[in-house]
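Novice: Just dropping this structure here.
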Amino acid sequence: MKSNTVRIQMGKLHSLAANAGKRREYEVRFITAGRVRAAGNRESNIIVPAEAIQKAISEEKFTGLASFIDHAGWFDYPSLRDMVGVSLYNEWNEETKSADGVIRFFGTASAIALSMILDGMLEDKRNGEPVPDVGLSIVFWPKWKPRDNREDPLVLDEFKHIESCDFVFEPAADGRVKKALNSVLVELGVKSNSETGNRNQISEGGTEMPEIKQEDGREIHDSVEPTHMDAAQSDWMGALSGSVANVLIANTDLPAASKERLQETDYATPETVLAAIELERKFLAQLQQDHVINMPGGAPRSPEISMGMTGIDQVKAAIEALIAGVRPADGIQPLTGIRELYHLLSGDFEMTGVFQRERIRFANVTSSTMAELTANALNKVVINEFQKYPRWWEAITSVVDFQNLQTVRWITLGGVGELPTVAEGAAYTELTWDDKKETSSFVKKGGYLGLTLEAIDKDDTNRLRAAPRALAQAGWLTLSKSISAIFTASSGVGPTLQDGDALFHSNHSNLLTTALSWTAYVAARLAMRKQTEVHSSERLGALTSPKFLLVPSDLEITALQILASEGEPGTADNDVNPLATGDAFNARMNAAKDRVIVVDLWTDTDDWALVADPQLYPSIGLGFRYGRTPEIFSVASPTAGLMFTNDTMPVKVRFFFATGPTDYRG
């Protein structure tokens, strides 16, 4: 999906009038600005600002919307059988801070049945009688404003697309049918005022009829006699009333046997139909209470605000749960395995590897949908798995995200030295500065794992679940080896820098050939503090003082003893260890563990290194393109590639990064 789909139930009906059998129009309130209502009549965390509604109105996004009876189910697509009308126009109502408009009904049995319910409700409301909470619910694709915290409310930035405006029970954000407009008097040859832009309305206190004229402009006087129904018209009205009664009964939650029994009866008015339905419900409830029958189903439908849960979105959530090995969220049907997923999104029940679109019940599903959804789900798991691994290099590197794959230039500025004194009233002098640069090229690492048709048919879900961890581990190992090799390349002296010397070289005053010990550590520490600024003789001192000690696993204990011992290691006297931080043993040990980095990839026990704090003086650069974790892709076509030639859906992993030394001084 391009973005989450949101269903917000809202809307207000007012009547737009009526000749029997003619198309009805209703003045409606699509949506009101403010915080919307959630299930249980609670405040939700969604806010719809007035400016978002006004922008949608200016773009006429509330015009031409299909209107259905209730929303389609999560795994269903809106059906023409449930369509009752279309919105004609939209406008901003400053008084109510809402988007108002008109919905025109079609002449279907469902539309007629619904109009009878709405007209009855409007009539009862005018008479001061209680009415059920029936209104409108819009289905739209949102763009949310950025949030600083997860607890902050979701504030709508704009309506990216509005799909429909449906009639529902208990709307959540004040979408209402306001009143019914006058329908066209076709049999008198009269144009309705709505066609000329003037909408005459039936007010809540009584009926205000428009002046009616013939097409030649002459008034139609009160002496015009109403026509009487002939026998044929009477038969048509009888058939229509029976059809409406059947629709009302069919749309209930009654058992099939009850619906069939009620539909065998003739009803004089819609009220008698509704009364019969209610009586049947009471009868069944009494039987259930007396344990005569057991009724299926759970709690009744409740009002809701649902985000990101179209049919395909629910499948997406089920895939993520399947790969993660957990149950999906409440209300989402879990998948039994990858075979069910394959059948659901390909329609290929015969396992031929051919995409069968006509067998799929979801909209906008293509031959690559399963591969794309699987890749997205794998990406999420890979990111989570990658975060679990010890990223030891983060403490010593300067990390940058780049916008292209050009060669990276790590630049170190210097040459300024000490700032000169400026005398009172004197001019400032221009400072001279120099820079030193090192370069690193991006490398592309990757490969693919093949999910075969045989593995899908065997429902080998565990194989798919193992893929993210394997790919995350491979990405971690690849990056870990690349960074650790900076210190061990060329027999332990590192790569060659722009000055022609190796990273660790006597010309750089940063190379020792002795094994790790207290004495060797002190000598290396002193050499680093004596490093001077680029193209100046000023000592860097504390900027290049070592913060981290990198050692192979064989030297971990030795390194901790050097940094955590209370006394000077390796001597019999009681000299104090000035490198230890903390008075108590636990404090010293914890401080030492924060500074000792074990590089398990180093196998030579003579390898060890000191690194300065990269926040003060960067020495190792690490650049990423397309994210800091491996990416997962899957391109599966039934007519080309591995799916066609090998019955294999390839899951490709790709990782772009560049790393290298930025300067030898740190």
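Novice: Which of the pairs K380/K458; K160/K652; K160/K316; K437/K652; K55/K97; K143/K445 have their Cα atoms more than 23 Å apart in this structure?
Specialist: Over 23 Å Cα-Cα: K380/K458; K160/K652; K437/K652; K143/K445.
Novice: Highest mean first, what order results for 593-599, 535-541, 369-375, 145-151 on Cβ atoms within 10 Å? Intermediate results must be reported in sequence, preceding the final value.
Specialist: Details: 593-599: 18.4, 535-541: 13.9, 369-375: 22.0, 145-151: 8.3.
So the peptides 593-599, 535-541, 369-375, 145-151, ranked by packing, come out 369-375, 593-599, 535-541, 145-151.
Novice: Computed FRET efficiency, Cβ-Cβ of K388 and R654, R0 22 Å: what is it to the nearest 0.05?
Specialist: So the FRET efficiency works out to roughly 0.60.
Novice: Still on this structure, I have one more. For I117 and T265, calculate 0.36 nm times their separation in residues minus their Cα-Cα distance, and state this gained length in nm to one decimal. Working shown, then result.
Specialist: Working: separation 148, 0.36 × 148 = 53.28 nm, distance 1.98 nm.
That works out to 51.3 nm of additional length.
Novice: Also, quick follow-up: Pull out the extension gain between L601 and V422, defined as 0.36 nm times the separation in residues minus the alpha carbon to alpha carbon distance; nm, one decimal. Let's see the in-between values first.
Specialist: Numbers: separation 179, 0.36 × 179 = 64.44 nm, distance 5.33 nm.
Between L601 and V422, full extension yields an extra 59.1 nm.
Novice: Sorting L563, L65, L88 on the 10 Å Cβ count, fewest up front, what's the list? If you can, show how the numbers build up before the last one.
Specialist: Details: L563 21, L65 24, L88 17.
Lowest count first: L88, L563, L65.
Novice: What full-extension length gain, to one decimal in nm, is calculated for V326 and K143 as 0.36 nm per residue of separation minus the Cα-Cα distance?
Specialist: Details: separation 183, 0.36 × 183 = 65.88 nm, distance 2.93 nm.
Gain on extension, V326 to K143, equals 63.0 nm.
Novice: Only loop residues by DSSP count here, and only those with at most 14 other Cβ atoms within 10 Å; note down the GluC sites (Glu not before Pro) in the stretch 424-501 that meet that. Don't jump to the answer; show the numbers that get you there.
Specialist: Numbers: sites: E424, E430, E438, E454; in loops: E424, E430.
When the GluC sites (Glu not before Pro) of the stretch 424-501 are filtered for loop state and at most 14 Cβ neighbours within 10 Å, E424, E430 remain.
Novice: Which value in nm describes the separation of the simple spin-label points at A470 and H535, placed 7 Å from the Cα toward the beta carbon?
Specialist: The answer from the label model is 5.3 nm.
Novice: Then there is this: Using each residue's phi in the stretch 81-86, evaluate 6.51 cos²θ - 1.76 cosθ + 1.60 at θ = phi - 60° and report the 3J(HN,Hα) Karplus result to the nearest Hz, with x for Gly and Pro.
Specialist: These are the phi-based 3J(HN,Hα) values: 5, 9, 6, 10, x, 8 Hz.
Novice: Cut-off 13 Å, label point 7 angstrom out along Cα-to-Cβ of E566: give me the residues of the stretch 586-610 whose amide nitrogen falls inside.
Specialist: Residues 586-589 qualify, since their backbone N sits under 13 Å from the label point.
Novice: Using DSSP to call loops (not H, G, I, E or B), can you name the trypsin sites (Lys or Arg not before Pro) in the stretch 392-489 whose Cβ has at most 13 other Cβ atoms within 10 angstrom?
Specialist: Numbers: sites: R409, K436, K437, K444, K445, K458, R463, R465, R469, K481; in loops: K458.
Filter output for the stretch 392-489: K458.
Novice: Roughly what would the spin-label model give for S553 and R150, points 7 Å off Cα along C-beta, in nm?
Specialist: 3.4 nm
Novice: Now a separate question. Once amide H atoms are built 1.01 Å from N in the peptide plane, which residues 5 or more positions from I46, or in another chain, come under 5 Å H to H?
Specialist: Correct list: V36, L154.
Novice: Could you tell me how many cubic angstrom of Cα convex hull volume the stretch 404-468 has per residue? It would help to have the intermediate numbers written out before the result.
Specialist: Details: hull volume 12.3 nm³, N = 65.
Dividing the Cα hull volume of the stretch 404-468 by its residue count gives 190 Å³.
Only the coordinates and a few stated rules stand behind these numbers; no lab work does. This is a predicted model, so every value here is computed, not measured. As a convention, Cβ positions derive from the backbone with ideal geometry for all residues, glycine included, and neighbour counts pool all protein chains shown.
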